[in-house]
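Shown next, in structure tokens, is the structure this report addresses.
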Amino acid sequence: MISLALDRPAQKPFDIARLRINLTYLWRHGRIAALDNPMRFTELVQLRKLMDRDPRMVRYSDKIAAKAAAVELLGAEWAVPTLWHGDFLPANCPLSGPAMVKARHGCNQYRAIRTPPTTAEWAALQVLTRKWTAQPYGFWLDEWCYRDVPRGLLAEQLIGGESLPLDYKIYVFGGVATHVQVHLDRDGKHRWMLHDRDYRKLMPSQSDSPAKPHSLPAMLDAAETMARGFSFARVDFYEVDRKPLFGEFCFYPGSGLDPFAADWIDVELGKLWLANL
């Protein structure tokens, strides 16, 4: 298995990054991250930020390269069609139908286009996307693997209709898919819950109960194929017309700063990651 301790940065930058990581972790979780003896999943995410310099993480964090990898490993039918890509949005909208415009080099940088944009709306989107591409993503959270992803944009065919589709995020430890995190209403009241691989909710008290996706077995197999060789990776999918589609990779879920619904989940996921280092 791939160790986290692949490469240690020079001492001074390492110490500064460690201090910054400890402060952000304390701010979000109310405790210092046990980086010398991590036990929780969220602590191991912080350690990965400091220590893991696997170049494959850079490739798979690039949305264009990751999609190409999905086509190569899974087949063209798994890819959401790309309608356009480039460094900057052109002066005139090149899109003839509904689309999702997103940054290729970062996370949570996207805008859905459901109707043809007016000149003013397109100009506003140009301004927004220039902000996305103005600098590398993830610097302030020390998410190393985004640093060398080429900055740019892509537009994909919009899936899901009037609302964004459910997002199925598969946690894979040592090549084995163990958990399914489901995200609902991503363009509204965003919320999520975690299931085991058999789709049993880890916190039954959570009120939302999204139906088990028809293609879940195929998603689990695909996630294991794409995450092979990593101690941990998350592989994201959608389901449209009962068929699975690849979304993206993630190596720092929530940057390790989003708390789970219960602390025991953080600990249990940490055990799975530690068992594969």
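The values are calculated or read from the model by the stated rules, or taken from the named source; none is laboratory data. None of the values given here were measured: they were computed from a predicted structure. Every residue, glycine among them, receives a Cβ derived from its backbone with ideal geometry; neighbour counts consider all protein chains shown.
What to note about this one:
- Of all residues in the stretch 133-147, those that are outside any loop (DSSP other than H, G, I, E, B) and either in contact with a Ser or Thr (Cβ under 7 Å, 6 or more places away or on another chain) or surrounded by 22 or more Cβ atoms within 10 Å (Cβ to Cβ) (or both) total 3.
- Among the numbered conditions (1) part of a helix (DSSP H, G or I); (2) free of Cβ contacts under 8 Å to residues at least 60 places away in the same chain; (3) touching a Phe, Trp or Tyr at 6+ places or on another chain (Cβ under 8 Å), the only one that ARG18 does not meet is (3).
- Note on the stretch 21-37: residues that are within 23 Å of the chain's Cα centre (by Cα), in a loop (DSSP other than H, G, I, E, B) and within 17 Å of GLY254 (Cα to Cα) total 1.
- Criterion applied to LEU154, LEU125 was being surrounded by 14 or more Cβ atoms within 10 Å (Cβ to Cβ), of a type in the set (A, V, I, L, M) and outside any strand (DSSP E or B), and the one residue passing it is LEU125.
Yes/no matrix, rows are residues, columns are (1) crowded, with 18+ Cβ neighbours inside 10 Å; (2) over 15 Å from PRO150 (Cβ atoms):
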position	(1), (2)
ALA68	no, no
VAL71	no, yes
HIS85	no, no
HIS105	yes, no
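- Qualifying residue in the stretch 43-57 (condition: surrounded by 12 or more Cβ atoms within 10 Å (Cβ to Cβ), under 16 Å from the mean Cα position of the chain (by Cα) and closer than 30 Å to VAL240 by Cα): yes
- Top-ranked residue in the stretch 158-194 [being surrounded by fewer than 16 Cβ atoms within 10 Å (Cβ to Cβ) and in contact with a Ser or Thr (Cβ under 8 Å, 6 or more places away or on another chain); ranked as nearest to GLY106 (Cα to Cα)]: ASP187
- Flag if ALA91 is within 25 Å of ARG114 (Cβ to Cβ), surrounded by 18 or more Cβ atoms within 10 Å (Cβ to Cβ) and either among the charged types (D, E, K, R) or not assigned by TED's automatic domain parsing to the domain that holds PHE246 (or both): no
- Within the stretch 203-228, the set of residues being in contact with a Gly (Cβ under 7 Å, 6 or more places away or on another chain) and surrounded by fewer than 20 Cβ atoms within 10 Å (Cβ to Cβ) comprises GLU224, ARG228.
- ALA261 satisfies every condition listed in (1) within 18 Å of TYR60 (Cβ to Cβ); (2) at pLDDT below 95 except (1).
- For the stretch 185-240, taking the residues that are polar (S, T, N, Q) and touching a residue at least 12 places away in the same chain (Cβ under 8 Å), the one that is farthest from LEU166 (Cα to Cα) is identified as SER231.
- Filter result for TYR168 (of a type outside the set (Lys, Arg), assigned to a strand (DSSP E or B) and over 20 Å from TRP84 (Cα atoms)): yes
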